[in-house]
Amino acid sequence: MAIAKMKKLTLMAEQQNKETLLRSIQEMQSIEVISLSDVLEEDILEQFEVADSYNETLDYKSELQDIEHALSYVSQFIPEPGMIEKLKTKREVLSLEELESHVKNTDIEGLINQVQDKEKEINHIEERKKALQEEETFLRKWRELKFLPSEVKGLKLLNVHVGTVDNEHSPRLIEGLDGLSTAYYEEIFSRSDEIAYMIILAKEQEEQFNKLTAELSFRELKYPFELLPEDALYANLNSQKALIEKEAALKKEMKEWRSVARDLQFAEEYYYNLGQREVAKDLVLNSKHLFIASGWIEEEKLDSLKHIINTDLGEDAVVVMTDDVKMEEFDQVPIVLHNNSVIRPFELITEMFSLPKYNEVDPTPLMFPFFLIFFGMIGADLGYGLLLGIGTFVALKLSGIEGSTRRFMKFLHILSYPTMAFGLFFGSFFGISLPFHVLSLQDDVIVVMVISVIIGVIQLIFGLIMNGIIKGRQGQRASSYVDGYAWAMMLIGLAIYVLGSIVFGIPLVSQIGIGLALINVVGIVVVSTISSKNKALGFGLGLYNLYGVTGYVGDIVSYTRLMALGVASANIAMAFNLIVGYLPPLFRFTIGVLLIIALQAMNVALSFLSAYVHSSRLQYVEFFGKFFEGGGKPLTPLKTLEKHIWLKQKI
C-alpha cells in the first residue's frame, strides 16, 4: 500500500527492431517513453539524431479522422442495444496481433468509401427534399391559379399581370385599378403579409399601370413550372414521397451495418495505436544502425518487460539498462499507486485532489477508514445502505460494466457497508425508527455532535503525526516538530484537559493536559528560534505559527457537519413518512405508495451526494492539508486506445 517504486529505463537496439520494440512496449502498456535529448551528454548526442515522423503521424491522423467520421456517421443509424443488453455486453478482448491481423485483412478504405457514398447520397436527398419543400410552399400559395402566365403573354390588345402586393398597399392598388377604365382584377390568394392578384387591362393603359405598381412595390409572378400549380404540386408531393422512401430504404440498409461499424471500431483502435507509436518515435534517438529509447517503468514489471522483449525479438536483441531514481528527479517521476483491492477504488478520491510526489506517501490508505466513517455517518440508514449495496452488487456481478465505471461501482458498494452499520447504530430504516439502536439522530443530537468532533480531532492528530513522520524522513527535523508533532501534542493535551475537567472531573488529569499543551506552545517558539539563522526572525515566526490555532478551531468545527448532515437526512426521511402517513387510507396505499417511493428516492440521492461531497471535502481541506502536498503526475504509458476493445495481456 504505497507508491510503486520506479526505475528509469534505457533500451538500445538495431534500427530494424525499432517498430517491433515499440509495439511490444505499447502492448505492455506500462512504460512511459521520454525524450533523451535533454539528458544525454553532447558528445553522445552528436552521434544520434531525433527521429522525424511528422509526415507519417499526419498520415495516420488523417486516416484516423476519416475512420472516426465514418464510424460516427454509421453509428447514428444502428439501433442502440437496450439498457439490460448494454449492461450485459462486455467488450471483446483481443491481443495486439489479433487486432492488427483483423484490420489488415479488412478493406478499411473500401468501408470508408462505402459509408461516404451513402452519406453523399443521403445528403443529396436531404438537399433535394429541402428544395422540393420550398417549391411546395410556393405551389400551395398559387394552387388557385388556373392558367400558366406564359400562355397569356403576347396578346395583341390586352396585357395580363399576375403578382403580389403587401397587405398595407392593397387598398391603394385597388383604388388605382378602379381608376383605370379597362382594368379587371381578381384576387387569387390572401395571406397575413401579402395578397395576390390577376390583373387584365388594355395595352394603352400599361404605362399608367406601371407607374401605379412601381409606387406600391407590386411583385410580378415568376412562374418556373410547365404545369399548372395544382398539377405541379401533385408531382412535387409524389417526388417528395419517392425521396422519403428512398432515404428510408438507405437508412434501413445501414441499420444492418453492425459488422461495418465493428470493423471501423477495430480500425480506429489500430490507427490510433500506430499514431502513438509514431509519436514515440519522435522521442527516440537514432544513429545509422542503432537507436536509444528511454522511459519510466515500475520496478516490479522489469522482468515482464524482459520476457516480452525476449519473446518478440529474441534474447540479446535489445540492451536493457535501468537506473534508480535520483533525488533531483523526484518531481519528474510519474506516479503509480499500489493498494489492495478494497482500498484501490478510493484512489479516485486522491486522484481528484492530486497524486503524491515520489518522495511523499500515498494518502489513500490513510484516509480510507475516515472516509468510510464519514460517509456512513452522513448516510446513516440501514435501508439506504441495503439499497446501495444490492444495487451496486447486481451491477458488478450481472452487468458488463468495466474500467473506471466498474471501479466507481465498487467504491459505492464498499461504502454501502458503513452506511448500513451506522443505520443500525442509529436505528434508522428508510426514516422509520427501529426498536433497537445505540443512539438516535432525533433524541441524541448533542452526543452525535460530540462524537463527530472526537472523530475529527483524531483525524487531525493523525494527520499532524504523519506530517512529522514525513518531514522527519526528509531530514526536516525542526519542521517535523513545529508543523507536526507539536500541534499533535497540543491537541492531545487539550483533549486530555476536556476529559479531566468536563467528563471525569479529575483536576490532576486536566492539569496534565494543560501542561502538555503549554510545553509544546513553548517548544514551537524555541525550536523555531533555534533552527533559524536569524534568531529574531525565528522567534517571530514561532509566535506567528501559534496564530494557527484559530485555523484548528475552524477545522474542528467543520466536523460537526457529520452530525448536521446525518440528522438532516434522517429527519427528512422521517418527515416524508409522516406526510404520507397523514393521507387517508385509500390514497395512502395508492398514490401514497408512488409518492413515498419518489420522495425517498430523492432523499437517497441527496443523502449520498452530500455524503460523497462533504466526506471528500473533509479529506481535502482538514486532513490532506496537514501532511500532504501532492503535485505528482500520473504515469502516461505508451498504450493502446482501448475505446472499443480491451487488450489481451501476454503475461
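Structural remarks
- For the cross-link pairs Lys146/Lys211; Lys130/Lys153; Lys146/Lys222; Lys357/Lys643; Lys410/Lys626, the ones whose C-alpha atoms lie over 21 Å apart are Lys146/Lys211; Lys130/Lys153; Lys357/Lys643; Lys410/Lys626.
- Net charge of the neighbourhood of Gly400, taken over other residues with C-beta under 14 Å away and scored Lys/Arg +1, Asp/Glu -1, is +3.
- The magnitude of the dipole of the chain, with charges of +1 and -1 set on the Cβ of Lys/Arg and Asp/Glu and taken from the Cα centre, is near 3020 debye.
- Span from the the range 340-356 Cα centroid across to the the range 423-497 one, whole angstrom: 21 Å
- Applying both filters, DSSP loop and at most 15 other Cβ atoms within 10 Å, to the trypsin sites (Lys or Arg not before Pro) of the range 126-216 gives Lys146, Lys153, Lys156, Arg191.
- Of the chymotrypsin sites (Phe, Trp or Tyr not before Pro) found in the range 558-639, those that fall in a DSSP loop while having at most 14 other beta-carbon atoms within 10 Å are Tyr582, Phe589.
- Cα centroid separation, the range 252-268 to the range 163-231 (Å): 58 Å
- Taking a ≥ b ≥ c as the square roots of the eigenvalues of the alpha-carbon gyration tensor, the range 149-222 is classed oblate because a/c is 1.5 or more while a/b is no larger than b/c.
- The candidate values are (1) 65, 28, 22; (2) 42, 37, 20; (3) 71, 44, 28; the one derived from this structure for semi-axes √(5λ) of the Cα gyration tensor in Å carries the label (3).
- Translational diffusion coefficient (Stokes-Einstein; Kirkwood radius from C-alpha pairs) of the range 49-199 at 25 °C, 0.890 mPa s, in µm²/s: 107 µm²/s
- When each of Glu215, Glu247 is scored by the number of other beta-carbon atoms lying within 10 Å, the sequence from fewest to most is Glu215, Glu247.
- Of the three principal axes defined by the Cα atoms of the range 445-558, the extents in descending order read 50, 27, 23 Å.
- Fully extending the segment from His307 to Thr89, taken as 0.36 nm per residue of separation minus the present Cα-Cα distance, adds 75.2 nm.
- Shown here for the range 414-444: chymotrypsin sites (Phe, Trp or Tyr not before Pro) in loop regions (DSSP other than H, G, I, E, B) with at most 14 other Cβ atoms within 10 Å, namely Phe436.
- Residue pairs exceeding 32 angstrom between C-alpha atoms, taken from Lys104/Lys281; Lys5/Lys533; Lys252/Lys639: Lys5/Lys533; Lys252/Lys639.
- Computed FRET value (nearest 0.05) for His69 with Leu595, which takes r as the C-beta separation and R₀ as 60 Å: 0.80
None of the figures in this text is laboratory data; all of them are computed from the coordinates on show. It should be emphasised that the depicted structure is a prediction, and the values quoted were computed from it without experimental measurement. Glycine also receives a Cβ, built like all others from the backbone with ideal geometry; neighbour counts cover every protein chain displayed.
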